[in-house]
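Student: Have a look at the structure that comes next, please.
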Amino acid sequence: MIRFGADGFAADLRLIVRFPEPVGPTGRSSFADSPRDTQSKALFTPAMFTPRPGGIPIVHSPQNSPYFASSAVNGIRPLAIALIASVGLTYLAACGESSPAQNASTDSNNQSGSASQSSGDNPRDTMRDSMLIQFDVTNPQIKLTDVIAGGPPKDGIPALTNPKRLNVADATDFPAAEARVIEVVVSNEAVAYPIGILNWHEIINDNVGGTPIAVTYCPLCDSVSVFDRRLPPEKGNGKPTILEFGVSGLLYNSNVLMFERNTDALWSQVYMKAVTGSHAGRSLNQLPVRMTTFTEFKESHPTGSVLSKDTGYQRNYSANPYKRYFDDPDYVFHQFEFGDELPPKTLGLGIKTEADNVFITWKKVADSNGELTIKTQDGKPITIKANKAGMYVQTAPKDVQAVQSFYHSWSAFYPETRVIMADSEKRQDQSQPSADDDDDDSSTG
């Protein structure tokens, strides 16, 4: 039963949930019902709607992951969105207009198929097409038909902007001592961004050392990247444009697609560039980061600050909503093509240079006493570090870009990537770092 309130959201529902069939190292899967699929049934109730500022709810699943929760409502939300979208598209058709997704297909010179071209009766395609009309998808750098709706609507996973911070000395109850944090240092100002908070928000628009930055994290591929939000003018000496990012609710290669609030254009975290809109193909300057624990951060930066859990949202930031996802080495969130040299969730550092693309595994660096220097094909040295929190670049030339990521997403974005692995890498090694084990994923935030 569904009852829609005035705000267009379901005020009441009873729904049997089906999760996608896990995929293996070949990256192939089917969304058809299967015996394993039907074992994942669960009941959604109105209690799983969590209030957000402004009164707009988001849905939490029994696994409490924003993606798992919303992907489970394929039978409900897509129909609701499709119903709303179909009314709008019918109106546009009557007025002789086409949807932005259709226009993007026409303008892309066959680089990307129309978002509505292959919809058919697939609920995920219907949901994706209904969401794409909310964004500027002109000048696509990716195939829009390969984009999927992750489940949450636009801003359903709420990004944070200029959130509160605490001095590390005052952060006594959160984060935990061994919790993973992203360390960002700009102009001698050091800030720790806990993965426990980014699990629920994925993007933090902040200012550190006088520089506007975007701290980004995608739990589905454990990918980390921090950008300078200032986009230089394309011509002349004008002032840079300061961008602000939100979470689109769309995924490409199991990686978050961000959107820029001033233009509604889509940006890819792992591609590290705009993939639609007037700035398509352009990149932001990437800032150095260090993956570390909160204890190590405090030791290195005793006068530093850490993101406060007082974000204005009701979340249990000490609980890990993706624990089951991380614990299953073969489960990949949706169907897409990726490499087969490594198990899909092998953690590594993806490195992009003008000469080539490299993926070096966490185990390879860890086996080298946590530090390893490699050379790109054009001879440039890059020093990489690995610890129990993750991986990061210690030193590298300015033109090098790097993203911590699972192998499946990096190899999907960069299929010709060169892989550097330990001798035993063909098997899944459970000793690599995983998501924070502060709690299981059985309690809502």
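The values are calculated or read from the model by the stated rules, or taken from the named source; none is laboratory data. Since this is a predicted model, take the numbers as computed values, not measurements. Counting neighbours? That spans all protein chains shown, and the Cβs are built from the backbone with ideal geometry, glycine included.
Student: So Thr373 passes all but one of these: (1) surrounded by fewer than 21 Cβ atoms within 10 Å (Cβ to Cβ); (2) out of contact with any Gly (no Cβ under 7 Å at 6 or more places or on another chain); (3) assigned to a loop (DSSP other than H, G, I, E, B). Which condition number does it fail?
Tutor: With respect to (1) surrounded by fewer than 21 Cβ atoms within 10 Å (Cβ to Cβ); (2) out of contact with any Gly (no Cβ under 7 Å at 6 or more places or on another chain); (3) assigned to a loop (DSSP other than H, G, I, E, B), Thr373 is out only on (3).
Student: Could you give me the residue pairs with C-beta distances under 6 Å whose first residue belongs to segment 345-371 and is of a type in the set (Gly, Ala, Ser), whose second residue is in a loop (DSSP other than H, G, I, E, B) wherever it lies, and which are 6+ apart or on separate chains?
Tutor: Correct list of pairs: Ala355/Thr376; Ala355/Gln377; Ala355/Asp378.
Student: Does Tyr325 satisfy being crowded, with 19+ Cβ neighbours inside 10 Å and touching a helix residue (DSSP H, G or I) at 6+ places or on another chain (Cβ under 6 Å)?
Tutor: No: the conditions fail for Tyr325.
Student: If you don't mind, another one. Cβ-Cβ below 7 Å, separation at least six or inter-chain, first residue in segment 158-180 and more than 28 Å from Gly246 (Cα to Cα), second of a type in the set (Ser, Thr, Tyr) and surrounded by fewer than 19 Cβ atoms within 10 Å (Cβ to Cβ): which pairs?
Tutor: Ala177/Thr295; Glu178/Thr295
Student: If you don't mind, there's one more thing I want to ask. Can we say Ile142 is assigned to a loop (DSSP other than H, G, I, E, B), farther than 30 Å from Ser305 by Cβ and at pLDDT 95 or above?
Tutor: For Ile142, the condition - assigned to a loop (DSSP other than H, G, I, E, B), farther than 30 Å from Ser305 by Cβ and at pLDDT 95 or above - is met.
Student: Sticking with this one: One residue is enough: does segment 325-348 have a residue meeting the conditions of a type in the set (Ser, Thr, Tyr), outside any loop (DSSP other than H, G, I, E, B) and farther than 19 Å from Gln394 by Cα?
Tutor: The answer is yes, given that some residue of segment 325-348 is of a type in the set (Ser, Thr, Tyr), outside any loop (DSSP other than H, G, I, E, B) and farther than 19 Å from Gln394 by Cα.
Student: Being among the hydrophobic types (A, V, I, L, M, F, W, C) and surrounded by fewer than 19 Cβ atoms within 10 Å (Cβ to Cβ) is the filter; apply it to segment 164-185 and report the residue that is farthest from the chain's Cα centre (by Cα).
Tutor: Ala169
Student: Checking the conditions here, which among Asp340, Asp423, Asp429 is at pLDDT below 95, over 18 Å from the mean Cα position of the chain (by Cα) and within 30 Å of Leu250 (Cβ to Cβ)?
Tutor: After applying the criteria, what remains is Asp340.
Student: List the residue pairs whose Cβ atoms are under 9 Å apart, where the first residue sits in segment 396-425 and is more than 22 Å from Val215 (Cα to Cα), the second is in a strand (DSSP E or B) and hydroxyl-bearing (Ser, Thr, Tyr), and the two are 6 or more positions apart or on different chains.
Tutor: Ala412/Tyr252; Val419/Thr361; Ile420/Thr361; Met421/Thr361; Ala422/Thr361; Glu425/Thr361
Student: Pairs needed: first member in segment 223-242, on the phi > 0 side of the Ramachandran plot; second member anywhere, outside any loop (DSSP other than H, G, I, E, B) and at pLDDT below 95; C-beta distance under 6 Å; at least 6 residues apart or different chains.
Tutor: Sorted first by the residue in segment 223-242, then by its partner, the list stays empty.
Student: Here is a follow-up. Report yes if Ile384 is within 21 Å of Ile182 (Cβ to Cβ), touching a helix residue (DSSP H, G or I) at 6+ places or on another chain (Cβ under 6 Å), assigned to a strand (DSSP E or B) and not small (Gly, Ala, Ser), otherwise no.
Tutor: yes
Student: Still on this structure: Evaluate segment 149-163: report whether one residue or more is assigned to a strand (DSSP E or B), buried (at least 24 other Cβ atoms within 10 Å of the Cβ), under 20 Å from the mean Cα position of the chain (by Cα) and of a type outside the set (Phe, Trp, Tyr).
Tutor: Yes, there is a match, as at least one residue in segment 149-163 is assigned to a strand (DSSP E or B), buried (at least 24 other Cβ atoms within 10 Å of the Cβ), under 20 Å from the mean Cα position of the chain (by Cα) and of a type outside the set (Phe, Trp, Tyr).
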